[in-house]
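Engineer: Got a structure for you, written out below as structure tokens; questions coming shortly.
The values are calculated or read from the model by the stated rules, or taken from the named source; none is laboratory data. Nothing here was measured: the structure is a model prediction, and the numbers come from that model. Don't worry about glycine lacking a Cβ; one is built from the backbone with ideal geometry, like all the others, and counts go over all protein chains shown.
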Amino acid sequence: MQGNHSEFAPAIGGWNHIGITVRNLENSLQFYQELLGFELLGRQERDSADLGLILGYARTHIRMAFLRPRGTIEPVLELIEVVEPQGESLDVQTANPGAVHLTFDVKDLDAVCTHLSGLGVQFLSEPVTLTSGVNAGARNVYCLDPDGIRIALFQRLPGKGHHGT
């Protein structure tokens with residue numbers, strides 16, 4: 001990607017949604033709705049050539065749901081179960097290129113972790129207080145959704161914004 005990038009500045013207006021492909025839509029909905037408290041905005045099922053073209057297939061059949069954390073406006077989380085063509089699970093560990101994580105602010109990290117642990121949610125560690133960087137003093141922990149996607153739960157320092165601002 002070389003060249004003069006100042007010749008064209010794309011008009012990106014903001015987030016539309018974040019999409020994650022899941023193995024089983026119902027299991028993922030149970031996690032995001034019942035355990036994390038997301039609100040369901042809508043669901044749909046599509047079996048079409050136009051969507052297949054967008055995704056790079058001749059045709060595709062998918063089930064989708066759109067959610068967001070309660071009390072927020074955006075971004076919307078889109079969960080997609082691809083029925084056809086069938087795919088294979090990826091190794092989504094943090095160190096692997098292409099892996100993603102979602103980070104959500106929480107007010108009381110210990111209470112959230114205790115609650116979710118009691119519901120069987122798997123955590124990668126106990127909550128950690130960050131000792132360096134722009135978020136020094138904040139607390140963070142990762143848990144896993146049903147497909148192993150890392151979910152970061154982040155408790156900011158009082159009075160501090162995103163990334164220590």
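Engineer: What are the pairs, 6+ residues apart or on separate chains, where a residue within segment 120-139 that is at negative phi and modelled with pLDDT of 95 or more has its Cβ under 8 Å from a residue that is of a type in the set (S, T, Y) and surrounded by 15 or more Cβ atoms within 10 Å (Cβ to Cβ)?
Structural biologist: Going by the 8 Å Cβ cut-off, the qualifying pairs are F123/Y142; L124/Y142; S125/Y142.
Engineer: Okay, moving on. Has segment 103-112 got any residue that is among the aliphatic types (A, V, I, L, M), surrounded by fewer than 13 Cβ atoms within 10 Å (Cβ to Cβ) and at pLDDT 95 or above?
Structural biologist: Yes; the residues of segment 103-112 include at least one that is among the aliphatic types (A, V, I, L, M), surrounded by fewer than 13 Cβ atoms within 10 Å (Cβ to Cβ) and at pLDDT 95 or above.
Engineer: For residues that are under 16 Å from the mean Cα position of the chain (by Cα) and among the charged types (D, E, K, R), scanning just segment 113-165, find the one that is farthest from E26 (Cα to Cα).
Structural biologist: By that ranking, first place goes to R150.
Engineer: On to the next question. Of the residues in segment 94-112, how many are within 16 Å of the chain's Cα centre (by Cα) and closer than 14 Å to A152 by Cβ?
Structural biologist: Result for segment 94-112: 9.
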